[in-house]
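The next block holds one structure in the form of structure tokens; read it before the comments.
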Amino acid sequence: MNGGLNIFKLVAEASILVQAVMLVLLVFSFLSWVIIIRKHQQLKSAMDEAESFEERFWSGADLAQLFREVSGRGAGNNGGLETVFESGFREFARQRQRRTHDLRIVIEGTERAMRVAGTREIGRLERNLEFLANVGSISPYVGLFGTVIGIMGAFQGLGEMKDVTIAVVAPHISEALIATAMGLFAAIPAVWAYNRYANKVDRVASRYEVFQEEFSSVLQRQIQTDDAA
């Protein structure tokens, strides 16, 4: 790179404090991309599983048989709507075994169990999103801090020189601005991913809530049918 600026050389020759800032931003960026990739796979899996389970649920399958299939896989092997359904139907069956004839008590207990399970599943999907939001918020400022430190060091060094030219100033200013660029490099993907994934989590949560309402209606009709028989 004759006559140009060697970024790696500028980073290597930067002050210890500026290098520390760059290292922090590099770690932020690496962790953000790990979370971005994993969260993409997790949310895609959650949407696919929800769609697949809803197809089975509305296919006319016997609810008791569906419950046995879901619960038979064991704890930890289910997720998403399957967990919500399993929790709700288990509470429903428990209430019915107690010979509870009050429809309101049965449905309220079932809905409460589904809300708890749904909240737990949404919390799992939201995990690490806060880190992306924090990286997006603070990375530009961390980069700006490195820029300020770098420029201060550059001017302090220039004060000791008799002849100052653009060729002398450019490497020092470029070294400082690299920190700002790295701050933006870490922040922009994190902000984009946070906004996108937060929206997807909201959509999944809405889908869970709709399912809970529909499942409650199905159970109410089943109770009324059983009591009338």
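FYI, it's all coordinate maths here, none of it is from the lab. Only a predicted model underlies this, so the values are computations on that prediction, with no experimental measurement involved. Neighbour counts are summed over all protein chains in view; Cβ atoms, including those assigned to glycine, are modelled from backbone coordinates with ideal geometry.
Quick rundown of the values:
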read-out: Output for segment 15-28, where each listed residue is under 23 Å from Ile173 (Cα atoms) and either part of a helix (DSSP H, G or I) or among the aromatic types (Phe, Trp, Tyr) (or both); value: Ile16, Leu17, Val18, Gln19, Ala20, Val21, Met22, Leu23, Val24, Leu25, Leu26
read-out: Tally of residues being under 30 Å from Met22 (Cβ atoms) and of a type in the set (A, V, I, L, M, F, W, C) across segment 187-229; value: 7
read-out: Every residue from segment 90-125 that is within 19 Å of Gly72 (Cα to Cα) and touching a residue at least 60 places away in the same chain (Cβ under 8 Å); value: Phe92, Met114
read-out: Out of Gln42, Gln65, Gln95, sole residue that is buried (at least 16 other Cβ atoms within 10 Å of the Cβ) and out of contact with any Ser or Thr (no Cβ under 8 Å at 6 or more places or on another chain); value: Gln42
read-out: Qualifying residue in segment 46-55 (condition: farther than 30 Å from Asn134 by Cα, among the polar types (S, T, N, Q) and either loosely packed, with under 13 Cβ neighbours inside 10 Å or in contact with an Asp or Glu (Cβ under 8 Å, 6 or more places away or on another chain) (or both)); value: no
read-out: Residues being surrounded by fewer than 20 Cβ atoms within 10 Å (Cβ to Cβ) and over 24 Å from Trp58 (Cβ atoms) - total across segment 121-138; value: 12
read-out: Filtered residues of segment 54-89 (kept if more than 22 Å from Gly109 (Cβ to Cβ), in a helix (DSSP H, G or I) and in contact (Cβ under 8 Å) with a residue 12 or more places away in the chain); value: Glu54
read-out: Condition met for Val34 (among the aliphatic types (A, V, I, L, M) and over 15 Å from Tyr197 (Cα atoms)); value: no
read-out: Tally of residues being free of Cβ contacts under 8 Å to residues at least 40 places away in the same chain and in contact with a helix residue (DSSP H, G or I) (Cβ under 6 Å, 6 or more places away or on another chain) across segment 4-53; value: 1
